[in-house]
Amino acid sequence: MKTKVKLEDLNVHFDKNHAVKGTTIDFGENSVTAIIGPSGCGKSTVLRSINRMHDLVPTAKVTGRILLDGINIYERTIDSVSIRRLVGMVFQKPNPFPAMSVYDNVIAGYKLNGRINKDEADELVESSLKRVALWDEVKDRLKANSMELSGGQQQRLCIARTIAVKPEVILMDEPASALDPLSTLKIEELIEGLKEKYTIVIVTHNMQQAARISDYTAFFYLGELIEFGETKKIFTTPDKKQTEDYITGRFG
Amino acid sequence: MKIFSFRKLNNSVMTLSMVMATILVLVPLGLIFFHIMKMGLSSINLDFFVQIPKPTGETGGGMANGMAGTFVLIALASLIGLPVGILGAVYLVEYGGTRISAVIRFAADVLSGIPSIITGMVAYAMLVEPMKGFSALAGSLALSLIMVPIVLRTTEEQLKMVPDTLREASLALGVPLWRTSLKVTLRSAMKGVVTGILLAIARISGETAPLLFTALGNQFWSNKLTEPIAAMPLQIFTFAISPYEDWHRLAWAGALVLVTLMFGLSLSARYLGRTKQQS
Ligand SMILES: Nc1ncnc2c1ncn2[C@@H]1O[C@H](COP(=O)(O)OP(=O)(O)OP(=O)(O)O)[C@@H](O)[C@H]1O
Ligand SMILES: [Mg+2]
C-alpha cells in the first residue's frame, strides 16, 4: 500500500485542551479509512487538520507533521488554499450554497475563484453529478435552487461539488449521519466507487457503516489513537480491550 | 387568595402602563406627521420640485437645488462611508480576534456617540480649512463619518449570523478567505446589510448640523463638488427662521418631502428585514 497522507506525531491544542495527542497514522492511497470513537475523542479535529481547517480558529495550535505525498502541509512556505484544493471536505450537515442553483453549486469551486467557460462547466457538471449518481434525478432542474433538493440529494451535491475541483484526498465528517437510511445507503455505495480515484478518510459513528465501507479503521479515545489496522481485523480480532469494548457497544 | 388578587392587579397595572407607553410613542409621531402634512401639503406643486428659491420679496420658487444637493451629498457620503463601513465589518468578523478589532469596535462606538455638529467640525478642519472654502466634498465627509459606525455595526451583526458551515463549504473548496468573505459570507448577509445601509441613509438625509459649516448651503445650483451646495435640511432651516411668509410655506413643504423620504427609507428597511426572517 502506498501512503498518501501521513500524520506524524500530530498534536492539536485548543487553548489548554489537548484534543489530539501525538497521533501517527498512514492513510493509504485509493483506500477508505474510517475514524471511529466516542463523541469528543477528537475525530473531527484530526480530520480538519488534514486540510488545515484549524488555520481559522485562533485558539487552535497544530504541531507535528502531516505529509501529503511526502510534503509537510504545515511547512511555512505552503499556502493552506493550495492544500484545500488537493484535500476536499464533505461535512456532516449538507451545506450547499443556498443562493446558488444546483448547476452553480457543482462548479462553485471555480465560480468563486474566478471564471470558468461554459462548455467546460457543462461537462464538469454532468460528469460530477453522474459520478455521485445524482444526474438522473436533477438533470431537468439544474437551474433550480439547491435548497429544493432533499437532504440526501443535497449531500450528494456537496460531494459532486468537492470532486469537481479534482482533489486527491476527500475528507468526510459523518457525511450520512443527518440522512435517512436509503440516502445513507446511496452515499455508502458512492464512497465505494470513489476510492478508485481518491483517497478517502471518513469519520463515522455507525459501526456497521465503518465495517461495510472502509478498508482501514482507526479507533480514537480521549484524543489518542488506540488502534489502527485493517477494518476486518479491528472488527473481528482487535488487539486492545478498549477497541473491542467500543465496537461491541459496551461503552461510548 | 390575597396573593392571587395582588398578582392580578399587578398584571393589569403593567398592561396599562405598556399601553400608555405605546401611545406616548405613537402620538408624537402621528402629531408630527399630521402637522407637517397640514402645513406643507398645500405648497407642494410642480414648481416646488423644479424651481430654485426665488429672491426675497418674490413669491413662488421651489427647492429643486436642495433636493438635488441632498441627493449628491448622500451619494458621495455613501461612496466614502459604505466601503469603509462594510469592509471594516468584514475585517472585524472574518479576520478579527486581534487587538486591532477591539480598537476598531471601540472607535466605531465612540464615533456613533459623537454629536453630529462635531463631525461637521472635523470635516471643517480636514477639508474646509485646507481647501479654503465650503464644499459638497466637506459636507459628504461629515455625513460619511456619521454613516460609517452605523453601517459597520449593522453589517457586523449580520455577518455574525452567517453560519460557519457556509464559510467552511467555500474554504474547503480552496477558495481563499478574502474571496469567501466577499462572495459567500457578505453576499449571504446582503439583505441585512442593505437594511443597515437604508437606515444609515435615512439617518443622514435629515442631518443639518454637520452641514452648517461644511456644505454651507447655496441659493443656486452648484456645478462643482468643491463649491458650497444646497441641501434640504439647510434650506428648511434657513427658510424657517426667515421672516417671510412665503419662505415659511416652502420650509413646511420641504419638511414634508424630507420626512416622507425618511419614512419611505425606514419602511423599505423594515420590509427587507421582514422578508429576510421568512427565508
Ligand atoms: N473550534 C474548537 N474550539 C475549541 N475546542 C474545540 C474546537 N473543536 C473541537 N474542540 C474540542 O476538541 C475536542 C475534540 O472535539 P472533536 O470535535 O474533534 O470531537 P469528535 O470526536 O469529532 O466528536 P463528535 O463525535 O461529537 O463529533 C473536544 O474536547 C472539543 O471540545
Ligand atoms: Mg465530530
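Tabulated values for the structure
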{"quantity": "Options B:M14, B:M37, B:M18; residue that is within 30 Å of B:A230 (Cα to Cα) and out of contact with any Pro (no Cβ under 7 Å at 6 or more places or on another chain)", "calculated": "B:M37"}
{"quantity": "Output for region A:68-88, where each listed residue is surrounded by 14 or more Cβ atoms within 10 Å (Cβ to Cβ) and out of contact with any helix residue (DSSP H, G or I) (no Cβ under 7 Å at 6 or more places or on another chain)", "calculated": "A:D69, A:N72, A:Y74, A:I78, A:V81, A:I83, A:R85, A:L86"}
{"quantity": "From the options A:E244, A:E196, A:E227, residue that is charged (D, E, K, R) and part of a helix (DSSP H, G or I)", "calculated": "A:E244"}
{"quantity": "Filter result (more than 14 Å from A:I191 (Cα to Cα), more than 9 Å from ligand 1 (Cβ to nearest atom) and aliphatic (A, V, I, L, M)) within region A:23-42", "calculated": "A:I25, A:I36"}
{"quantity": "Scope region A:85-100; condition within 9 Å of the chain's Cα centre (by Cα), within 7 Å of chain B (Cβ to nearest Cβ) and within 16 Å of ligand 2 (Cβ to nearest atom); matching residues", "calculated": "A:M89, A:F91"}
{"quantity": "Unique match (being of a type outside the set (G, A, S), in a helix (DSSP H, G or I) and within 26 Å of B:L173 (Cβ to Cβ)) among A:I202, A:I187", "calculated": "A:I187"}
{"quantity": "Selected residue [at positive phi and in contact with a Leu (Cβ under 8 Å, 6 or more places away or on another chain)] from B:G217, B:G206", "calculated": "B:G217"}
{"quantity": "Among the candidates B:V84, B:V128, residue that is surrounded by fewer than 20 Cβ atoms within 10 Å (Cβ to Cβ), assigned to a helix (DSSP H, G or I) and in contact (Cβ under 8 Å) with a residue 60 or more places away in the chain", "calculated": "B:V84"}
{"quantity": "Which numbered condition A:G40 misses (of (1) open to solvent by 20 Å² or more (accessible area, probe 1.4 Å); (2) within 16 Å of ligand 2 (Cβ to nearest atom); (3) within 14 Å of another protein chain (Cβ to nearest Cβ))", "calculated": "(3)"}
{"quantity": "Scope region A:157-178; condition more than 13 Å from the chain's Cα centre (by Cα), away from ligand 1 (no atom under 16 Å from the Cβ) and open to solvent by 10 Å² or more (accessible area, probe 1.4 Å); matching residues", "calculated": "A:V165, A:K166"}
{"quantity": "Residue within region A:135-153 that is outside any strand (DSSP E or B), within 29 Å of A:I66 (Cα to Cα) and away from ligand 2 (no atom under 16 Å from the Cβ) present", "calculated": "no"}
{"quantity": "Region B:186-207, residues that are open to solvent by 30 Å² or more (accessible area, probe 1.4 Å) and among the acidic types (D, E)", "calculated": "none"}
{"quantity": "Residues (within 14 Å of chain B (Cβ to nearest Cβ), among the charged types (D, E, K, R) and either crowded, with 19+ Cβ neighbours inside 10 Å or within 7 Å of ligand 1 (Cβ to nearest atom) (or both)) located in region A:43-67", "calculated": "A:R48, A:R52"}
{"quantity": "Residue, most open to solvent (accessible area, probe 1.4 Å), within region A:192-211, restricted to residues that are away from ligand 1 (no atom under 16 Å from the Cβ) and over 11 Å from A:L171 (Cα atoms)", "calculated": "A:E196"}
{"quantity": "Residue list for region A:149-178, restricted to those being in contact (Cβ under 8 Å) with a residue 40 or more places away in the chain, more than 21 Å from A:E126 (Cα to Cα) and away from chain B (no Cβ under 12 Å)", "calculated": "A:E174, A:P175, A:S177"}
{"quantity": "Number of the exception - A:S49 against (1) within 16 Å of ligand 2 (Cβ to nearest atom); (2) within 23 Å of A:I191 (Cβ to Cβ); (3) touching a Lys or Arg at 6+ places or on another chain (Cβ under 9 Å); (4) not hydrophobic (A, V, I, L, M, F, W, C)", "calculated": "(3)"}
{"quantity": "Region B:149-173, subset surrounded by fewer than 24 Cβ atoms within 10 Å (Cβ to Cβ) and aliphatic (A, V, I, L, M), residue nearest to the other protein chains (Cβ to nearest Cβ)", "calculated": "B:L166"}
{"quantity": "Yes/no for A:V20 being facing chain B (nearest Cβ under 9 Å), crowded, with 19+ Cβ neighbours inside 10 Å and within 16 Å of ligand 1 (Cβ to nearest atom)", "calculated": "no"}
{"quantity": "Any hit, region B:160-176, residues being farther than 26 Å from A:R52 by Cα and of a type in the set (S, T, N, Q)", "calculated": "no"}
{"quantity": "Check on A:P58, within 16 Å of ligand 2 (Cβ to nearest atom) and not acidic (D, E)", "calculated": "no"}
{"quantity": "Pair list, Cβ under 7 Å, 6 or more apart: region A:108-121 residue within 13 Å of chain B (Cβ to nearest Cβ) and free of Cβ contacts under 8 Å to residues at least 12 places away in the same chain, other residue part of a helix (DSSP H, G or I) and of a type outside the set (S, T, Y)", "calculated": "A:K111/A:D104; A:L112/B:R179; A:L112/B:K183; A:L112/B:V184; A:N113/B:R179"}
{"quantity": "The lone exception for A:G70 - which of (1) over 19 Å from the mean Cα position of the chain (by Cα); (2) within 14 Å of chain B (Cβ to nearest Cβ); (3) more than 9 Å from ligand 1 (Cβ to nearest atom) it fails", "calculated": "(2)"}
{"quantity": "Set A:S127, A:S82: member being closer than 28 Å to A:K4 by Cα and within 14 Å of another protein chain (Cβ to nearest Cβ)", "calculated": "A:S82"}
{"quantity": "Residue count, region A:1-15 (criterion: open to solvent by 40 Å² or more (accessible area, probe 1.4 Å) and more than 10 Å from ligand 1 (Cβ to nearest atom))", "calculated": "6"}
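The values are calculated or read from the model by the stated rules, or taken from the named source; none is laboratory data. Fair warning: this is a prediction, and the values are worked out from it, not measured in the lab. Cβ atoms come from the backbone with ideal geometry, glycine included; neighbour counts cover every protein chain shown. Please note that ligands, DNA and RNA were not included when accessible areas were found on the heavy atoms of the full protein model with its side chains. Shrake-Rupley method; radii C 1.70, N 1.55, O 1.52, S 1.80 Å.
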